[in-house]
1. Determine whether Gly235 is surrounded by 12 or more Cβ atoms within 10 Å (Cβ to Cβ) and under 12 Å from Trp23 (Cα atoms).
2. Tell me, please, whether a residue that is surrounded by 21 or more Cβ atoms within 10 Å (Cβ to Cβ), touching a residue at least 24 places away in the same chain (Cβ under 8 Å), among the hydrophobic types (A, V, I, L, M, F, W, C) and within 22 Å of Phe124 (Cα to Cα) can be found in the stretch 243-251.
3. Name the pairs whose Cβ atoms lie under 9 Å apart, with the first residue in the stretch 61-83 and farther than 16 Å from Gly97 by Cα, the second small (Gly, Ala, Ser) and outside any helix (DSSP H, G or I), and 6 or more positions between them or separate chains?
4. Taking Asp87, is it free of Cβ contacts under 8 Å to residues at least 24 places away in the same chain, under 25 Å from Glu209 (Cβ atoms) and in a loop (DSSP other than H, G, I, E, B)?
5. Please list, ordered by residue number, the helices (runs of 4 or more DSSP H) wholly in the stretch 1-83 having 3 or more residues that are of a type in the set (A, V, I, L, M, F, W, C) and more than 30 Å from Glu186 (Cα to Cα).
6. Tally time: how many residues in the stretch 140-188 are polar (S, T, N, Q), free of Cβ contacts under 8 Å to residues at least 40 places away in the same chain and surrounded by fewer than 24 Cβ atoms within 10 Å (Cβ to Cβ)?
7. Just give me the residues in the stretch 230-268 being more than 29 Å from Ala161 (Cβ to Cβ) and either within 23 Å of the chain's Cα centre (by Cα) or part of a helix (DSSP H, G or I) (or both), in sequence order.
8. Any idea how many residues of the stretch 209-229 are in a helix (DSSP H, G or I) and among the polar types (S, T, N, Q)?
Amino acid sequence: MSESVTRVRASSWGSLFDCAHRWEGTHLLGLQMPSSPRALLGTAIHASTAAFDAARMAGAPITPDDAAGVLVDTLHTPPYDVDWTDDLTPPKAEATGLKLHTLYCQDWSPRFEFAAVELETKPFRIDCGRGQVVELVGTMDRSRIRRGAGGIGIADLKTGATAVAKGLAKTKGHAAQVGTYELLFEHTTGETITAPAEIVGMKTKGTPEIAVAEIRNARDVMVGTDQFPGLIEIGAEMLRTGLFPPNPQSMMCHQRYCARWSTCPYHE
């Protein structure tokens, strides 16, 4: 039996379990729509902080101001279409982004010893059965590999209006993506993840704030244990059968975020 290979960006894997119907539209059917201003702000912050961290890791550090130019350039020349109908205007986005960028570079980046910044990964194949293969490809977007007393672990930067609450980064909903990154890192490098993952939350609404929180056993969420199947097994069944369940209660179930909204019969 010949193989049918579907290539999917690894960073999208977690969102398959938020609303599979929306995920199918975006990542398999190629339906696209303009991004939100806050998503662009997140892209800009991640680009500028990655430039700062990569330079520091390479032993050729640059100043926060130097790296901030990447943020400003990204906001002014977006890599994708942006719908600026949000309450976040370009000047507000730049001001918020620069505050978070500077806070991260000065106070947070020095706390980490990086082994990699946004690592380019080897393709990771998932056999779905009956000749159906999914190949996860791409870069560990917005993630760093850190070394510490507990060994090697993932540090994943997350931005958003509610990325920080009560002094802790929001971790809910991130285990699948972080678990995917742990698998990809081990597959790419041959090294073993031994430390818990960390989410570095960066709040983009109200007073800019950064905080961290741990996610433990994210890899088990993906591969499963003797007590429960992993999300890879569940996702492989969806991909094999072509059945992608909708989730009308998803936070992303809105015409602003879903390219299938106008034809989807499942939302109210």
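1. yes
2. no
3. Correct list of pairs: Tyr80/Ser35; Asp81/Ser35; Val82/Ser35; Val82/Ser36; Asp83/Ser35; Asp83/Ser36.
4. Yes: the conditions hold for Asp87.
5. Passing ranges, in order: 64-76.
6. 0
7. Gly230, Ile232, Glu233, Ile234, Ala236, Glu237, Met238, Leu239, Arg240, Thr241 - these are the residues of the stretch 230-268 that are more than 29 Å from Ala161 (Cβ to Cβ) and either within 23 Å of the chain's Cα centre (by Cα) or part of a helix (DSSP H, G or I) (or both).
8. Pass one, the stretch 209-229, residues in a helix (DSSP H, G or I): 218-223.
With the extra rule that they be among the polar types (S, T, N, Q), the set shrinks to none.
Residues that pass the stated criteria total 0.
The values are calculated or read from the model by the stated rules, or taken from the named source; none is laboratory data. Remember, predicted model here, so these are calculated numbers, not experimental data. Because the Cβ atoms are built from the backbone with ideal geometry, glycine has one as well, and the counts that use them run over all protein chains shown.
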